[in-house]
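**Student:** The structure that follows is given in the form of C-alpha coordinates.
The values are calculated or read from the model by the stated rules, or taken from the named source; none is laboratory data. A quick note: this is a predicted structure, and the numbers were derived from the prediction, not measured. Every residue, glycine among them, receives a Cβ derived from its backbone with ideal geometry; neighbour counts consider all protein chains shown.
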Amino acid sequence: MTKLTVNNQAVQYRMDPQTPLLWALRDASNLIGTKYGCGTGDCGACTVDVDGRAVLSCMVTIGSLEGAFITTIEGLSRDRSHPVQQAWAAESVPQCGFCQPGMIMAAAVLLKANANPTTDDINAAITNLCRCGTYPRVHKAVRLAADVMAGRQRIAAAPPPGISPDDAARAVPALAIDKTEEE
(Lines give C-alpha, C1' and ligand atoms only; values in the text may rest on other atoms or scores of the structure.)
Protein backbone atom coordinates (compact mmCIF):
# COMPACT_ATOMS: atom_id res chain seq x y z
CA MET A 1 0.00 0.00 0.00
CA THR A 2 1.19 3.47 -0.87
CA LYS A 3 0.64 6.13 1.77
CA LEU A 4 0.20 9.74 0.66
CA THR A 5 -1.45 12.87 1.95
CA VAL A 6 -3.96 14.09 -0.62
CA ASN A 7 -5.64 17.43 -0.03
CA ASN A 8 -4.63 17.28 3.64
CA GLN A 9 -6.08 13.81 4.18
CA ALA A 10 -4.03 10.67 4.76
CA VAL A 11 -4.66 8.15 1.98
CA GLN A 12 -3.50 4.56 1.51
CA TYR A 13 -3.81 3.39 -2.07
CA ARG A 14 -4.27 -0.36 -2.41
CA MET A 15 -3.12 -0.21 -6.00
CA ASP A 16 -0.07 -1.38 -7.89
CA PRO A 17 2.77 1.01 -6.90
CA GLN A 18 3.41 1.53 -10.64
CA THR A 19 -0.03 3.12 -11.06
CA PRO A 20 0.29 6.70 -12.33
CA LEU A 21 -0.76 9.25 -9.72
CA LEU A 22 -3.34 10.61 -12.18
CA TRP A 23 -5.32 7.36 -12.14
CA ALA A 24 -5.06 6.95 -8.37
CA LEU A 25 -6.48 10.45 -7.93
CA ARG A 26 -9.24 10.05 -10.53
CA ASP A 27 -10.22 6.40 -10.06
CA ALA A 28 -9.55 5.67 -6.40
CA SER A 29 -10.04 9.12 -4.84
CA ASN A 30 -12.71 10.39 -7.29
CA LEU A 31 -10.79 13.66 -7.70
CA ILE A 32 -11.73 14.20 -11.31
CA GLY A 33 -10.62 17.84 -11.51
CA THR A 34 -7.20 16.53 -12.46
CA LYS A 35 -7.65 15.87 -16.17
CA TYR A 36 -6.24 13.23 -18.49
CA GLY A 37 -5.07 15.00 -21.61
CA CYS A 38 -2.27 13.16 -23.34
CA GLY A 39 -0.71 10.61 -20.99
CA THR A 40 2.74 11.55 -22.25
CA GLY A 41 3.53 14.61 -20.11
CA ASP A 42 3.10 17.06 -22.97
CA CYS A 43 -0.15 18.92 -22.22
CA GLY A 44 -0.13 19.71 -18.48
CA ALA A 45 -3.85 19.00 -17.95
CA CYS A 46 -2.94 16.63 -15.11
CA THR A 47 -0.73 19.08 -13.17
CA VAL A 48 -0.93 18.81 -9.37
CA ASP A 49 1.15 20.17 -6.49
CA VAL A 50 3.47 17.51 -5.06
CA ASP A 51 5.44 18.79 -2.08
CA GLY A 52 5.40 22.32 -3.51
CA ARG A 53 6.34 21.34 -7.07
CA ALA A 54 4.11 21.35 -10.13
CA VAL A 55 4.07 17.72 -11.24
CA LEU A 56 2.49 16.02 -14.24
CA SER A 57 0.52 13.31 -12.48
CA CYS A 58 0.39 11.10 -15.58
CA MET A 59 4.18 10.78 -15.45
CA VAL A 60 4.79 9.75 -11.82
CA THR A 61 3.81 6.56 -10.06
CA ILE A 62 2.22 6.45 -6.65
CA GLY A 63 5.02 4.18 -5.45
CA SER A 64 7.60 6.88 -6.22
CA LEU A 65 5.66 9.37 -4.08
CA GLU A 66 5.43 7.44 -0.82
CA GLY A 67 4.84 9.97 1.98
CA ALA A 68 4.34 12.93 -0.37
CA PHE A 69 1.84 15.75 0.12
CA ILE A 70 -0.40 16.15 -2.92
CA THR A 71 -2.75 19.05 -3.61
CA THR A 72 -5.23 18.83 -6.47
CA ILE A 73 -7.52 21.53 -7.83
CA GLU A 74 -10.19 20.31 -5.38
CA GLY A 75 -7.81 20.83 -2.47
CA LEU A 76 -6.62 24.26 -3.55
CA SER A 77 -9.87 25.76 -2.28
CA ARG A 78 -13.26 24.09 -2.08
CA ASP A 79 -15.12 27.39 -2.47
CA ARG A 80 -12.92 28.81 -5.26
CA SER A 81 -11.56 31.52 -2.96
CA HIS A 82 -7.87 30.94 -3.71
CA PRO A 83 -6.42 34.11 -5.30
CA VAL A 84 -5.46 32.24 -8.46
CA GLN A 85 -8.98 30.88 -8.88
CA GLN A 86 -10.45 34.33 -8.20
CA ALA A 87 -8.06 35.94 -10.71
CA TRP A 88 -8.92 33.27 -13.29
CA ALA A 89 -12.60 34.21 -12.98
CA ALA A 90 -11.91 37.96 -12.88
CA GLU A 91 -9.87 37.79 -16.10
CA SER A 92 -12.36 35.43 -17.79
CA VAL A 93 -9.60 32.92 -18.56
CA PRO A 94 -11.57 29.72 -19.18
CA GLN A 95 -13.23 28.94 -22.45
CA CYS A 96 -13.72 25.20 -22.74
CA GLY A 97 -12.11 24.82 -19.31
CA PHE A 98 -10.46 21.44 -19.86
CA CYS A 99 -6.87 22.61 -19.34
CA GLN A 100 -7.70 25.12 -16.63
CA PRO A 101 -7.27 22.97 -13.47
CA GLY A 102 -3.73 22.06 -14.54
CA MET A 103 -2.91 25.67 -15.40
CA ILE A 104 -4.34 26.92 -12.11
CA MET A 105 -2.26 24.39 -10.17
CA ALA A 106 0.90 25.36 -12.08
CA ALA A 107 0.19 29.04 -11.37
CA ALA A 108 -0.49 28.40 -7.68
CA VAL A 109 2.82 26.52 -7.32
CA LEU A 110 4.64 29.30 -9.18
CA LEU A 111 3.21 32.00 -6.91
CA LYS A 112 4.11 30.07 -3.75
CA ALA A 113 7.74 30.13 -4.87
CA ASN A 114 7.84 33.49 -6.66
CA ALA A 115 5.61 36.31 -5.42
CA ASN A 116 6.40 38.59 -8.36
CA PRO A 117 6.96 36.50 -11.50
CA THR A 118 8.14 37.98 -14.77
CA THR A 119 6.73 37.03 -18.15
CA ASP A 120 9.65 34.62 -18.58
CA ASP A 121 8.93 33.09 -15.15
CA ILE A 122 5.28 32.56 -16.08
CA ASN A 123 6.20 31.05 -19.45
CA ALA A 124 8.69 28.69 -17.79
CA ALA A 125 6.27 27.59 -15.06
CA ILE A 126 3.08 27.27 -17.08
CA THR A 127 3.88 25.17 -20.12
CA ASN A 128 0.37 23.72 -20.32
CA LEU A 129 -1.28 23.45 -23.71
CA CYS A 130 -4.53 25.32 -24.21
CA ARG A 131 -6.35 24.68 -27.47
CA CYS A 132 -8.49 27.77 -26.89
CA GLY A 133 -5.41 30.01 -26.77
CA THR A 134 -6.13 31.74 -23.46
CA TYR A 135 -2.46 32.49 -22.81
CA PRO A 136 -2.72 36.32 -22.73
CA ARG A 137 -5.50 36.07 -20.14
CA VAL A 138 -3.51 33.47 -18.19
CA HIS A 139 -0.64 35.95 -17.90
CA LYS A 140 -2.99 38.70 -16.74
CA ALA A 141 -4.59 36.36 -14.20
CA VAL A 142 -1.22 35.24 -12.79
CA ARG A 143 -0.13 38.86 -12.38
CA LEU A 144 -3.46 39.75 -10.77
CA ALA A 145 -3.22 36.80 -8.37
CA ALA A 146 0.34 37.84 -7.45
CA ASP A 147 -0.89 41.36 -6.69
CA VAL A 148 -3.77 40.02 -4.60
CA MET A 149 -1.49 37.67 -2.67
CA ALA A 150 0.92 40.56 -1.99
CA GLY A 151 -1.93 42.82 -0.87
CA ARG A 152 -1.39 45.28 -3.73
CA GLN A 153 -4.82 44.69 -5.22
CA ARG A 154 -8.22 43.23 -4.35
CA ILE A 155 -10.64 41.20 -6.40
CA ALA A 156 -14.36 41.40 -5.97
CA ALA A 157 -15.04 37.75 -5.24
CA ALA A 158 -16.38 35.69 -8.08
CA PRO A 159 -19.91 34.50 -7.50
CA PRO A 160 -20.25 31.11 -5.87
CA PRO A 161 -20.57 28.26 -8.35
CA GLY A 162 -24.28 27.87 -7.61
CA ILE A 163 -24.01 24.38 -6.19
CA SER A 164 -22.09 23.46 -3.08
CA PRO A 165 -19.33 20.94 -3.93
CA ASP A 166 -20.84 18.65 -1.28
CA ASP A 167 -24.23 18.75 -3.00
CA ALA A 168 -23.06 18.65 -6.61
CA ALA A 169 -23.71 14.93 -7.14
CA ARG A 170 -27.19 15.15 -5.65
CA ALA A 171 -28.23 18.52 -7.10
CA VAL A 172 -28.19 17.63 -10.79
CA PRO A 173 -30.72 14.78 -10.53
CA ALA A 174 -32.90 16.88 -8.20
CA LEU A 175 -32.95 19.74 -10.70
CA ALA A 176 -33.84 17.34 -13.49
CA ILE A 177 -36.72 15.92 -11.44
CA ASP A 178 -38.02 19.40 -10.55
CA LYS A 179 -37.95 20.42 -14.21
CA THR A 180 -39.81 17.30 -15.28
CA GLU A 181 -42.51 17.81 -12.67
CA GLU A 182 -43.13 21.39 -13.86
CA GLU A 183 -43.71 20.34 -17.49
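**Student:** Which residues, counting only those in region 14-49, are over 16 Å from residue 129 (Cα atoms), touching a residue at least 24 places away in the same chain (Cβ under 8 Å) and aliphatic (A, V, I, L, M)?
**Tutor:** 15, 21, 22, 24, 25, 31
**Student:** Run residue 145 past the list (1) assigned to a loop (DSSP other than H, G, I, E, B); (2) surrounded by 21 or more Cβ atoms within 10 Å (Cβ to Cβ) and report the number of the one that doesn't hold.
**Tutor:** (1)
**Student:** While we're looking at this one, here's another question. Considering each of 10, 108, 89, 68 in turn, give the residue that is in contact with a strand residue (DSSP E or B) (Cβ under 8 Å, 6 or more places away or on another chain) and assigned by TED's automatic domain parsing to the domain that holds residue 132. Steps first, please.
**Tutor:** Details: 10 fails: assigned by TED's automatic domain parsing to the domain that holds residue 132; 89 fails: in contact with a strand residue (DSSP E or B) (Cβ under 8 Å, 6 or more places away or on another chain); 68 fails: assigned by TED's automatic domain parsing to the domain that holds residue 132.
Selected residue: 108, the only one of 10, 108, 89, 68 that is in contact with a strand residue (DSSP E or B) (Cβ under 8 Å, 6 or more places away or on another chain) and assigned by TED's automatic domain parsing to the domain that holds residue 132.
**Student:** For region 78-93, check the following and say yes or no: at least one residue is of a type outside the set (A, V, I, L, M, F, W, C), in a strand (DSSP E or B), buried (at least 17 other Cβ atoms within 10 Å of the Cβ) and out of contact with any helix residue (DSSP H, G or I) (no Cβ under 6 Å at 6 or more places or on another chain).
**Tutor:** So the first thing to find is which residues in region 78-93 are of a type outside the set (A, V, I, L, M, F, W, C), and the list is 78-83, 85-86, 91-92.
Now drop any that are not in a strand (DSSP E or B), which leaves none.
Looking for residues that are of a type outside the set (A, V, I, L, M, F, W, C), in a strand (DSSP E or B), buried (at least 17 other Cβ atoms within 10 Å of the Cβ) and out of contact with any helix residue (DSSP H, G or I) (no Cβ under 6 Å at 6 or more places or on another chain), one finds none in region 78-93, hence no.
**Student:** Could you please give the count of residues in region 12-24 that are over 11 Å from residue 65 (Cβ atoms) and not in a loop (DSSP other than H, G, I, E, B)?
**Tutor:** Going through region 12-24, the residues over 11 Å from residue 65 (Cβ atoms) turn out to be 12, 14-16, 18, 22-23.
The next check asks that each one be not in a loop (DSSP other than H, G, I, E, B); those that pass are 12, 22-23.
Of the residues in that region, 3 qualify.
**Student:** Of the conditions (1) closer than 21 Å to residue 57 by Cβ; (2) in contact with a helix residue (DSSP H, G or I) (Cβ under 9 Å, 6 or more places away or on another chain); (3) at pLDDT 95 or above; (4) of a type in the set (Gly, Ala, Ser), residue 146 fails just one. Which one is it?
**Tutor:** (1)
**Student:** Still on this structure, please answer the following. With the requirement that a residue be surrounded by 14 or more Cβ atoms within 10 Å (Cβ to Cβ) and more than 24 Å from residue 51 (Cα to Cα), what does region 99-138 give you?
**Tutor:** Selection gives 130, 132, 134, 135, 137.
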